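To keep things clear, I will list the structure first and then write my remarks on it.
The values are calculated or read from the model by the stated rules, or taken from the named source; none is laboratory data. The shown structure was predicted, so the numbers you read here are calculated from the model rather than taken from an experiment. Reconstructed Cβ throughout: ideal geometry from the backbone, glycine too, with neighbour counts over all protein chains shown.
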Amino acid sequence: MRRSGERGVALLLVLWVFTVLGVLALDFARYMRDDAMAAVNFAEETRGYYLAVAGMNRALWDAMRAREEGGGPGLQPGQPGAPGQKLARGFSDEEEAATPIPVDGEWHDGEFGGGHYQVRMVDQGGLFPINNLDYDRVVLPTIVKAILAGPNAQVQGVNSRTQSDIDAIVDAIMDWRDPDNETRAHGAESDYYLSLTPPYRAKNGFFDAPEELLLVRGVTPELFYGNNGMPGLRDLISVFNRTLNINVRTAPPALLAILAGQGPDGAAALAADRAADPVGFVERMRTLAGAANPFFAFLAAGNAGLVDQTPHTVLLEARADTQQERNRSTVAAVVELASEDTDGPKILRWLDRAPWTGTLPDAPGASGSTS
């Protein structure tokens, strides 16, 4: 009777052992698969990183080569060094075929070592000089209004509440950058920032990077990165342009439309006009900007303000496509193409893993204007 009651105990023990071993085997296999995928992803990311760096260096090489031949990036067709022009020095056929990347803010494809990369150049001289004091009260509020109140704010205007927000942001930016601790009517100085968590002080100096704007009171991610079909401050301003000039040849169409006092439809029309007649467009843009803001007419009298010039300092970005988009590597650098300190280009800022370059999603039901 005792033995008959113990029948099946061994079978149950064996089944439990096999169950435990099966769970351990599955868990071990999952960890092995994760390790293998991590190794593959790391290999792809590393390959993409060096492919992107190679693309960046090739773009710099082509730009410097064009400058040595009397041209430069961002030139119009027909000028020396512009796309489609043969270079006089004895380069190989492959080098002759590689034209300089135009400074147009658009991605351009390239191949290297059996891999595909993309590069683009953004002229810092074609962006609004955020560190220039003369532009504060005449242009900065216009740019903030266009982004904060929507693309039609230039034409439709804004309500009093939105205008108050614009004044607060402009004053806060000026307070952050000026050398004193005196708070403007709508601004903010260290006493405000020290009350935050974590606390910090107002810089009271020039912006060294566009991302510093996110520390300023009132500058939200939407204002900085852009949304609702409008670019953000980071797409329109530069901390490396400290002149009174904005290069019309390479300025973003959205910035041109803002300076001309036009809405979003004006940006596309201005871009088409610039492409059709690059030389005559400069004077037409000066006329439009001068009519929208007399300050530009004053600058134009001294051959300043809106100008047409060869790009000097650019933001050079490169990215390499891999099998998985999540493994895409992006590098970026702010480069002074013609430097008096060095024989070649001078790196002013290096982003080894370039930051996110997307735009914020549109808010549900957003109309693009608060007016």
Practice problem: Filter region 221-239 down to residues that are surrounded by 19 or more Cβ atoms within 10 Å (Cβ to Cβ), in contact (Cβ under 8 Å) with a residue 60 or more places away in the chain, under 17 Å from residue 170 (Cβ atoms) and not β-branched (Val, Ile, Thr), then give me how many there are. | Solution: 4
Quiz item: Is one or more of the residues making up region 325-334 in a loop (DSSP other than H, G, I, E, B) and modelled with pLDDT of 85 or more?
Solution: no
Quiz item: So residue 354 fits all but one of (1) of a type in the set (A, V, I, L, M); (2) modelled with pLDDT of 85 or more; (3) surrounded by fewer than 19 Cβ atoms within 10 Å (Cβ to Cβ); what number is the exception?
Solution: (2)
Quiz item: Looking at (1) out of contact with any helix residue (DSSP H, G or I) (no Cβ under 6 Å at 6 or more places or on another chain); (2) under 20 Å from residue 244 (Cα atoms); (3) modelled with pLDDT under 85; (4) assigned to a loop (DSSP other than H, G, I, E, B), which is the one condition that is false for residue 99?
Solution: (2)
Quiz item: Restricting the search to region 108-136, which residues are more than 15 Å from residue 337 (Cβ to Cβ) and either in a helix (DSSP H, G or I) or without any contact (Cβ under 8 Å) to a residue 60 or more places away in the chain (or both)?
Solution: 108, 109, 110, 111, 114, 133, 134, 135, 136
Practice problem: Would you check if residue 316 is crowded, with 21+ Cβ neighbours inside 10 Å, at pLDDT 75 or above and not in a loop (DSSP other than H, G, I, E, B)? | Solution: yes
Exercise. Working carefully through the options 198, 179, find the one that is surrounded by fewer than 20 Cβ atoms within 10 Å (Cβ to Cβ) and closer than 23 Å to residue 242 by Cβ.
Key: 179
Quiz item: Got a number for residues in region 265-280 being in a helix (DSSP H, G or I) and surrounded by fewer than 20 Cβ atoms within 10 Å (Cβ to Cβ)?
Solution: 11
Quiz item: What are the residue pairs meeting all of these: first residue in region 254-272, first residue within 22 Å of residue 294 (Cβ to Cβ) and in contact (Cβ under 8 Å) with a residue 12 or more places away in the chain, second residue hydroxyl-bearing (Ser, Thr, Tyr) and surrounded by fewer than 24 Cβ atoms within 10 Å (Cβ to Cβ), Cβ atoms under 9 Å, and 6 or more apart or on different chains?
Solution: 258/142; 259/142; 261/142
Quiz prompt | Among the residues listed as 165, 123, 93, 171, the single one being closer than 30 Å to residue 330 by Cα and modelled with pLDDT of 80 or more | solution = 123
Quiz item: Is region 225-233 home to any residue that is at pLDDT below 95 and part of a helix (DSSP H, G or I)?
Solution: yes
Exercise. Select, from 272, 300, 289, the only residue that is hydrophobic (A, V, I, L, M, F, W, C) and over 16 Å from residue 139 (Cβ atoms).
Key: 272
Exercise. With respect to residue 242, determine if the residue is surrounded by fewer than 19 Cβ atoms within 10 Å (Cβ to Cβ), under 17 Å from residue 124 (Cα atoms) and within 19 Å of the chain's Cα centre (by Cα).
Key: yes
Quiz item: Looking only at residues in region 120-134 that are buried (at least 21 other Cβ atoms within 10 Å of the Cβ) and in contact with a helix residue (DSSP H, G or I) (Cβ under 8 Å, 6 or more places away or on another chain), which one is nearest to residue 320 (Cα to Cα)?
Solution: 121
Quiz item: helices (runs of 4 or more DSSP H) wholly in region 137-220 with at least 3 residues that are under 22 Å from residue 234 (Cβ atoms) and free of Cβ contacts under 8 Å to residues at least 60 places away in the same chain - which ones?
Solution: 140-148, 160-177
Quiz item: Within region 277-289, can one find any residue that is of a type in the set (A, V, I, L, M, F, W, C), more than 20 Å from residue 132 (Cα to Cα) and in contact with a helix residue (DSSP H, G or I) (Cβ under 7 Å, 6 or more places away or on another chain)?
Solution: yes
